[in-house]
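Only one structure is covered here, and it is reproduced in the block below.
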Amino acid sequence: RPQGAADAAKARYANEAAISYFERLAPLVEGAERSAVLRRLGEVEQIVGRWSDATTHYRDAIALAAEAGAGRERAQAECSLGNLLSWTEAVPEALELLQRALASFEALGDVVPRGPAGPELGHPGEEVVVVGERVHGGPRK
């Protein structure tokens with residue numbers, strides 16, 4: 001099963017192999033399944049520093065999930081993109097994506113994922129608190 005092979009390569013930190021598997025799998029699936037493949041491809045690309053490619057794949061995953069009516073997958077892709085953008089100078093867009101994903105997870109009754117696939121509103125060594133629409137952040141004390 002190609003998706004299983006891609007996940008296995010990713011788990012072994014065989015990132016280039018995982019990227020290759022996901023790239024070959026993407027054209028073979030449609031809708032929400034393709035969204036998931038593109039999101040996972042983006043996750044591996046993010047790990048290896050191919051942030052531009054990851055951004056493109058996350059945005060494509062969000063659009064496909066929205067088109068397919070796959071709310072959970074859309075929220076997961078928004079989390080992934082929001083996390084990536086939070087490391088760039090696109091913090092306002094990152095925050096918007098993460099807040100929208102959080103609201104979607106809550107509406108679905110899901111436990112909000114934390115970590116690489118979940119709403120991360122901070123980075124190691126920083127503390128970020130969301131208060132309404134305002135973000136307060138800085139070094140941890």
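List, in order, the whole-Hz ³J(HN,Hα) value for each residue of the range 23-35 obtained from phi through the Karplus relation with A = 6.51, B = -1.76, C = 1.60 and θ = phi - 60°; use x for Gly and Pro.
With the stated coefficients, the range 23-35 comes to 5, 6, 6, 3, x, 8, 10, 9, x, 4, 5, 5, 4 Hz.
I want to check the label-to-label distance for Leu28 and Glu106. Put each point 7 Å from Cα in the C-beta direction and report it in nm to one decimal.
4.0
Please give the contour-minus-distance gain from Thr56 to Glu96: 0.36 nm per residue of separation, less the Cα-Cα distance, rounded to one decimal in nm.
So the chain would gain 12.6 nm between Thr56 and Glu96.
How large is ³J(HN,Hα) for each residue in the range 90-107, as worked out from phi by the Karplus curve 6.51 cos²θ - 1.76 cosθ + 1.60 (θ = phi - 60°), to whole Hz, x for Gly and Pro?
Once θ is set to phi - 60°, the couplings for the range 90-107 become 9, 4, x, 5, 4, 4, 4, 4, 5, 5, 5, 5, 4, 4, 5, 4, 5, 5 Hz.
Quick one: which residues, 5 or more positions from Arg50 or on another chain, have an amide H under 5 Å from its amide H? H modelled 1.01 Å from N in the peptide plane, none for Pro or chain starts.
Long-range HN contacts for Arg50: none found.
Read the figures in this text as sums done on the coordinates, not as results from a lab. As the structure is a computational prediction, the values presented were derived from the model and not from experiment. With ideal geometry, Cβ positions are generated from the backbone for all residues, glycine too; neighbour counts draw on all protein chains shown.
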